[in-house]
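I have placed the structure first, in the form of structure tokens, so that the comments after it can refer back to it.
The values are calculated or read from the model by the stated rules, or taken from the named source; none is laboratory data. This one's a predicted model, so the numbers in the text were calculated from it and none came from an experiment. Reconstructed Cβ throughout: ideal geometry from the backbone, glycine too, with neighbour counts over all protein chains shown.
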Amino acid sequence: MLLDIFIQAGFWAALIRIGTTYLFGTLGELLCERAGVLNLGIEGIMTLGAMAGWMYAFEGGSLWGAVACAFVVGAVAGLVHSIFTVMLGVSQHVSGIGMTLLCSSLSYYAFRLLLPTSTTPPKIEPFAPLIIPWLSDIPVIGPALFAQTPLTYLAFATLVIVIYVLYRTPLGLAVRMVGENPAAADSQGIPVYAVRTGAVMVGSGLMAIGGAFLTISHFDAFYFGMINGRGWICLALVIFASWRPGKAFWGVLLFAGVEAFQLRAKQVTGGIPYQFYLMLPYVISIIALIVWSKNAAYPQALLKPYRSTER
Amino acid sequence: MRSNKDRPQGGAVPIALKMTGITKRFGALVASDQVSLELGEGEILSLFGENGAGKTTLMNILFGHYTADAGNIEVFSKPLVGGNTKAALDAGIGMVHQHFALGENLTVLENICLGNEPLWSLRFGGVRLADKARQIAQRCGFEVDLDRPVHTLSIGEKQRVEIVKALYRDAKILVLDEPTAVLTPQEAEGLFEVLRHLSTEGLAVIFISHKLKEIMAVSDRICVLRHGRVVLEVTRAEADPDEIAKAMVGQELKPAVRTRLEPGSTLLSLEAVAKKVDQGALGLQEASFTLREREILGITGVSGNGQQELGDILNGITKPDSGHIDWSALNTAGGDGDQLRRDGVARIPADRHAEGVISGMTVWENVISHSLGKFSKNGLLSFDSAQEHSQQLCTSYDVRYDSLHAEVQQLSGGNIQKLILARELSDQPRVIIAVQPTRGLDVGAVDAVHRRLLEMREKGAGVLLITEDLDELFALSDQIAVIYKGKLSPFYSAERLTLKNIGRMMSGFEIATPA
Amino acid sequence: MLAGGLAAAFALSSVLIVWADAGVWEAYGLIFKGALASRFGITETLARSTPLIMTGLAAAIAFRAKLWNIGGEGQFYMGTLMATWLGTGFLTLPSYLLVPTLILAGALAGGLALLLPTLLKARYKVDEVVTTLLLNFVIILFVSFLLEGPLKDPVSLGWPQASPIVDNGVLPLLIAKTRLHSGFVVALCLAVGLWVLVSRTKLGYEIRAVGHSPQAAGFAGINTRATLIKTALLSGGVAGIAGVCEVTGLKGYLTLDISPGFGYTGIAVAMLGLLHPLGVVVSAIFISTIFVGTDSMSRTLNIPTYLADVIVALAILFVLVSVLLTRYRIVTR
């Protein structure tokens, strides 16, 4: 019965769909952390992206405009976080928590202000699936991989770009070095603050697109509390992936799989209360952290503010 | 040694670097006071002086880490913009820092190539870069797989990566800040070889050191700094070691005297104490020795050969995997650090900032940090007596501070070390475990530490000294052993050992037992 | 400096008020009037501050040891669960025994909820930020399950809520006909107690030492692992007591929405109180003033109540910076 789930095309399609948000969020967080900046603002920045993207589309903008809007808003939030952590050297934990608080409350405030009295949440016309001819006819993996919305394809493209940039370009090397040993980067003429800030901004922009995916592609409306811990799961995924984008991809698939499974399993089986299925992704995240944390090769300068010796 | 090298006479050498009137103040301290110096192409200039004399400050100004308050720098007759690392790099200045500036999880090649291409370029130069790096590595006599992650290299290899890194950027002027501090005498000799070779190719080298023998071995010219000022400048040919040493300290310093004492009864003995360590480190192989009253046992070795593990085990930070430590003379079972201290073991840790004091807490809180039990009653701390005690100790150990309530990291390194000594030695310990007790301290502070340790020895304590400073080793120790790849050699009487013996042992050679 | 930070937060928040087409002075006036100008407002503010003081203390004590406990929300719910389980008829004790029992049991439950992530941190280096955060969701889902199953009040019809706390388990009101209950006194006592603990005791010294430098603390003979565990029990315990007081003092029965994020806001409270137990009291009252006042202001001016959260978030960020600048000035003096 339960195993039947795994041969349903719908399960695999849902897995990829659910995974899209996680992929954006995890890649975003990974970029920040590779540059040495923990971004606990992720939960709020995803909320902000979800709200801003949706609102842009609701006010008549194009869907791609909405994606751009989410990215820009996220990047601005990232800029604020890096002003605090990179330039001023405030504790990254504290600033991140403050950012989550700020971004989510700002999102809710703006949403309430612009749409004061709607009992049923208004809807937009979300991204339609972009069905790739022939390929999408392959059984099971066809619909899963080739009948998704454009944002999902964008997420895959982003993964490839992040891997390429991080490991194959001078910029990526600079990002890794500022997260590893900023003093070394500095002494070789790399502008540490600029690289860190840039990485945090782009990373935060990606997180925001991850949030926007929920409101303009996966669903069609913005709800309060809709991110619901997804950002925190991305944090766990980054650790799980040992800060490597390729590994992060498999982690995302695994967790999206757990979630897609949980959605279906609770319909199939009676008896077990649905709350326990909902717990699954969180519980499995914790277990994964326990198993993989001990040997994690974390960026050596993570959490450490860099001050150039200039006085 | 290199007198046969041809060298153009007089002003014929093109000037690579000219610094004039460099002045830098930190608050009331003048770290660099009107310093002027010149460096010719292909010349090796040594900057000599004790810690805090302004050598590193001067080089940081040259490299753009600091901006000078006054003065000019010209590189190959072109003015250098101050406070800009990139400008310094572009002008052809390369620097090898005391602490390596390497990304441990990145490969050798990545470390070398970083910052050589426009950040926005879409791809690495790949093969082209690797070829150039390989060529330069060869010139430096450095054979290592460029794709190895840096954390798998030895200290000496890491230092070569730093030099290759600088040359890769076409450095014409290479600055090395205390490069031999982490090397064995033999490795250091290898480094000098490379530097001499590179200087014949036209590289100008600034060599920073506080070891007289080294600068006599490697330099063409020697410049002595004291309190931020140039106090002496001589060519090596006309250099007189005594004059240089005197110029460095300002006055003749009488070294602390170690009187001959007959060791007493056994305080502590180790039997086959071993510790395995995860990847990379070497751990400690079955070490056995005894420490007696009124003696100082010195252990040395190149950093990372197991002395850290030995120190940690004796300090109660880690537990050995096997073997036995007999503390019975102290009536203690060993165990955790707190217990050890109460039973008469004083511990001076290697990293005084990270282990010795709790940064962020106050001076007085740090003085009592190892005797919380003594100053608390039913869990409540007695502030008055703790503060009074702290003040007394600080006075008698000459710890200088603004306020007992200032955060401890605001003290200078020497004062922090004196605070640690005050805390550890005030309870009349019977065993003292001192790991690198004077690293990075200025001459005055070093002398104070040495005197304290010798004083404790005279009072009957046994001291286990783990140090990488060979002068200190010989100044203090009665018996000396060398640790290499986790294996501790037998202890030899200090009088029968020479620096050369020690050097060979540090590189893993057995020596004929000096009878 | 601190006042400067707060002023900057208010100044920036006023942009949002202007966006809502309202008068800035009028809005801020109404906020403070609503929270502080009437007997009702003041008691309501203090009632609201009660759980915040405690969740704030929980965060502050943990953060002192650099134990990043973001799980106050889950620990709070563990406290409410304990109070509900033991206080709805399971125990029949006189009031003077039942109330302390519930409080201790809640503290124990909250402490245990933080113990697991702390052990994982100490033993396996698992990042406690993520584990405490994720545990919040697990615990709340567990509460949801209990409220729809074993703990569901049979007379509550469709609503997932628990049976009411028995009379002997209810915390008495401080002022009749208000919502201000004696949990506020409990919170103040905890604040004073923790202040003494942090600044005057051996354990407090150890907690601070471990927070500043675990390595040096270990070298000094402080058992860092044991200290972290004690800190976890204290921190989670205080958050659990917050849950107990909210159920037994204010609401009377457990529902899933009993906390509008007290655990999370507690982190804000702790930061704004600069991790000082007495500072936490001030900052909790300040934050609940903003919350209660904004509630009342928004009814008049039709500005979304989320303004309060924005003000609080900005206040944290700006106060942090102002503290940093003050310190920086001292160091580079």
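Annotations for the structure displayed:
- Qualifying positions in the range A:132-159 - part of a loop (DSSP other than H, G, I, E, B) and of a type in the set (Gly, Ala, Ser): A:Ala147
- For the range B:91-116, the candidate set comprises residues that are of a type in the set (A, V, I, L, M, F, W, C) and assigned to a strand (DSSP E or B); within that set, the residue that is nearest to the other protein chains (Cβ to nearest Cβ) is B:Met95.
- Scanning the range A:172-188 for residues that are touching a residue at least 24 places away in the same chain (Cβ under 8 Å), at the interface with chain B (Cβ under 7 Å from one of its Cβ atoms) and in contact with a helix residue (DSSP H, G or I) (Cβ under 8 Å, 6 or more places away or on another chain) yields A:Arg176, A:Asp186.
- Condition met for B:Gln387 (at pLDDT 90 or above, among the polar types (S, T, N, Q), surrounded by fewer than 21 Cβ atoms within 10 Å (Cβ to Cβ) and assigned to a helix (DSSP H, G or I)): yes
- Odd one out for C:Leu274 among (1) without any contact (Cβ under 8 Å) to a residue 40 or more places away in the chain; (2) in a loop (DSSP other than H, G, I, E, B): (1)
- Failed criterion for C:Lys251 (all others in (1) modelled with pLDDT under 95; (2) farther than 20 Å from C:Ser283 by Cα; (3) surrounded by 22 or more Cβ atoms within 10 Å (Cβ to Cβ); (4) away from chain B (no Cβ under 14 Å) hold): (3)
- Residue match in the range A:266-274 (condition: under 22 Å from A:Ala13 (Cα atoms), surrounded by 17 or more Cβ atoms within 10 Å (Cβ to Cβ) and more than 10 Å from chain C (Cβ to nearest Cβ)): yes
- Among the residues examined, A:Phe71 qualifies as over 24 Å from C:Val130 (Cβ atoms), surrounded by 17 or more Cβ atoms within 10 Å (Cβ to Cβ), away from every other protein chain (no Cβ under 14 Å) and aromatic (Phe, Trp, Tyr).
- Pairing residues of the range C:141-163 that are at the interface with another protein chain (Cβ under 9 Å from one of its Cβ atoms) with residues that are surrounded by fewer than 19 Cβ atoms within 10 Å (Cβ to Cβ) and small (Gly, Ala, Ser), at Cβ distances under 9 Å and at least 6 apart in sequence or on separate chains, gives no pairs at all.
- C:Tyr28 in contact (Cβ under 8 Å) with a residue 24 or more places away in the chain, among the hydroxyl-bearing types (Ser, Thr, Tyr) and assigned to a helix (DSSP H, G or I): no
- For the range B:401-419, the criterion of being aromatic (Phe, Trp, Tyr) and assigned to a helix (DSSP H, G or I) is met by none of the residues.
- Count of the range C:117-139 residues which are surrounded by 18 or more Cβ atoms within 10 Å (Cβ to Cβ), part of a helix (DSSP H, G or I) and either more than 9 Å from every other protein chain (Cβ to nearest Cβ) or in contact with a Ser or Thr (Cβ under 9 Å, 6 or more places away or on another chain) (or both): 11
- Tally, over the range C:299-310, of residues that are in a helix (DSSP H, G or I) and at the interface with chain A (Cβ under 9 Å from one of its Cβ atoms): 5
- The residues of the range B:73-90 that are touching a residue at least 24 places away in the same chain (Cβ under 8 Å) and either among the small types (Gly, Ala, Ser) or more than 8 Å from every other protein chain (Cβ to nearest Cβ) (or both), listed by number, are B:Ile73, B:Glu74, B:Val75, B:Phe76, B:Ser77, B:Ala88.
- Some residue of the range B:141-152 being farther than 28 Å from A:Leu171 by Cβ, among the hydroxyl-bearing types (Ser, Thr, Tyr), under 24 Å from the mean Cα position of the chain (by Cα) and at pLDDT below 90: no
- Look at (1) without any contact (Cβ under 8 Å) to a residue 60 or more places away in the chain; (2) surrounded by fewer than 22 Cβ atoms within 10 Å (Cβ to Cβ) and you find that B:Lys487 fails only one, number (1).
- You will find that of C:Leu228, C:Leu157, the residue that is in contact with a helix residue (DSSP H, G or I) (Cβ under 9 Å, 6 or more places away or on another chain) and either farther than 20 Å from C:Ile287 by Cα or of a type in the set (A, V, I, L, M) (or both) is C:Leu228 and no other.
- Single residue of B:Thr85, B:Thr56, B:Thr107 found to be over 18 Å from B:Gln159 (Cβ atoms) and among the hydroxyl-bearing types (Ser, Thr, Tyr): B:Thr85
- Selection over the range B:366-412 of residues that are under 28 Å from the mean Cα position of the chain (by Cα) and within 8 Å of another protein chain (Cβ to nearest Cβ) gives a count of 3.
- Residues of the range B:153-203 satisfying the condition of being among the small types (Gly, Ala, Ser), closer than 15 Å to B:Glu143 by Cβ and outside any helix (DSSP H, G or I): B:Ser154
- Lone unmet requirement of (1) part of a loop (DSSP other than H, G, I, E, B); (2) more than 11 Å from chain A (Cβ to nearest Cβ) for C:Val281: (1)
- A count restricted to the range C:211-235 and to residues that are outside any helix (DSSP H, G or I) and surrounded by fewer than 19 Cβ atoms within 10 Å (Cβ to Cβ) stands at 1.
- Answer from A:Leu102, A:Leu38, A:Leu79 - the residue that is modelled with pLDDT of 95 or more and under 21 Å from C:Ile17 (Cα atoms): A:Leu102
- Residues located in the range A:100-116, provided they are more than 7 Å from chain C (Cβ to nearest Cβ) and in contact (Cβ under 8 Å) with a residue 60 or more places away in the chain: A:Thr100, A:Cys103, A:Ser104, A:Ser107, A:Phe111
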